[in-house]
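These notes are about the structure you will find just below.
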Amino acid sequence: MTVVRRPIGVFDSGVGGLTVVRALRARLPGEDVVYLGDTARVPYGSKSPRTVERYSLACQAFLLARGVKLVLIACNTASANALPALREASPVPVVGAVDPGAASALAATRDGHIAVIGTLGTVRSGAYERALAGRPGVKVTALACPLFVPLAEEGWTDGSDEVARAVARRYLTELFERDRDIDTIVLGCTHYPLLRDVISATARELAGRDVAIVDSATAMAEAAAEALGTGPNGRKHPGQLACYATDISRLDEIAPRFLGEPITSFELVDL
Ligand code: DGL
């Protein structure tokens, strides 16, 4: 009997979603993955919900045409603004970033004071507030931190980088002014895990205590395993990774920072 290997599809507005691919390959190492970065149209974070939905549907259609068995929306902005439309249009399960991120925050918080940082589109959508609504004692403070995206792409992410520290300080000062009791910060954008150390150190300085930092990448990988109803698939060989992008300028330099491993190549596609 021939066993058909169907890949998992992952898309993002750019290369940030490779942080999710990294977590996915750690959790389900034998799975084949098809990644699409809509690098020609990034950023989604500053665009209207209708446009984000339209672009996201095109990304998903590309993945579905490649026979994927599951779609992961490795973009918080797309998850926050387009999840219902994507689910309606897909014959296979679709996993977004918001619910796994919110669940990780609930697991991490001590006192229920949760902050969410992300793009303007994610913050304006109110998606994290909705995902955490009705939880007794939970207070959510959301703030857009758009400058973290170019910092991550530029590779200015080191904990000692003075520009990264200054930007983090400015954003997080505003966050703690809104709620001085924040004990957990959700990195609600696929680029932000690269700045985790800077964000964590700055939050500790401002709060005068440790603040839990959670990102949705690991939780999304877990949600993918659940959606497939499998543990690691037991194949001995690592799954294949095929990467596509709608623009390939500078990808060879930027993408490995997000994936954490060398990347063979991106194939240029038009949606
Ligand atoms: N991928 C986006 C997100 O996670 C960040 C970059 C963008 O604005 O498109 O929200």
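The values are calculated or read from the model by the stated rules, or taken from the named source; none is laboratory data. This is a predicted model, so every value here is computed, not measured. Note that we place each Cβ from the backbone using ideal geometry, even for glycine, and neighbour counts take in every protein chain shown. Calculation scope for accessible area: heavy atoms of the full protein, side chains included, ligands and nucleic acids excluded. Shrake-Rupley method; radii C 1.70, N 1.55, O 1.52, S 1.80 Å.
Summary table
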| quantity | calculated |
| --- | --- |
| Å² per residue, accessible surface of the range 115-155 at 1.4 Å | 43 |
| Shape category assigned to the range 1-119 from the gyration tensor of Cα positions, a/c cut at 1.5 | oblate |
| Once the Cα gyration tensor of the chain is diagonalised, semi-axes √(5λ) in Å | 30, 20, 18 |
| Calculated FRET value between ARG180 and ALA107, using beta carbons and R₀ = 35 Å, to 0.05 | 0.95 |
| Where trypsin sites (Lys or Arg not before Pro) fall in DSSP loop in the range 143-201, at most 15 other Cβ within 10 Å | ARG180 |
| Potential lengthening between VAL269 and ARG170 on full extension [0.36 nm per residue; Cα-Cα distance subtracted] | 31.8 nm |
| Positive dipole terminus of the chain, leading residue within PRO100, LEU147, CYS189 (C-beta point charges) | PRO100 |
| Pairwise centroid distance, computed over Cα atoms, of the range 92-107 with the range 48-68, Å | 19 |
| Charge dipole of the chain about the Cα centre (unit charges at C-beta), most positive-ward option of VAL21, THR119, TYR171 | VAL21 |
| Cα gyration tensor category, rounded, prolate or oblate, for the range 1-70 with a/c compared to 1.5 | oblate |
| Residues with amide H under 5 Å from that of ALA142, placed H, sequence gap 5 or more | VAL116 |
| Cβ charges +1 (Lys, Arg) and -1 (Asp, Glu), total dipole of the chain, debye | 620 |
| Within a Gaussian network of the chain (alpha carbon springs, distance under 10 Å), most fluctuating of PRO256, PRO136, PRO91 | PRO136 |
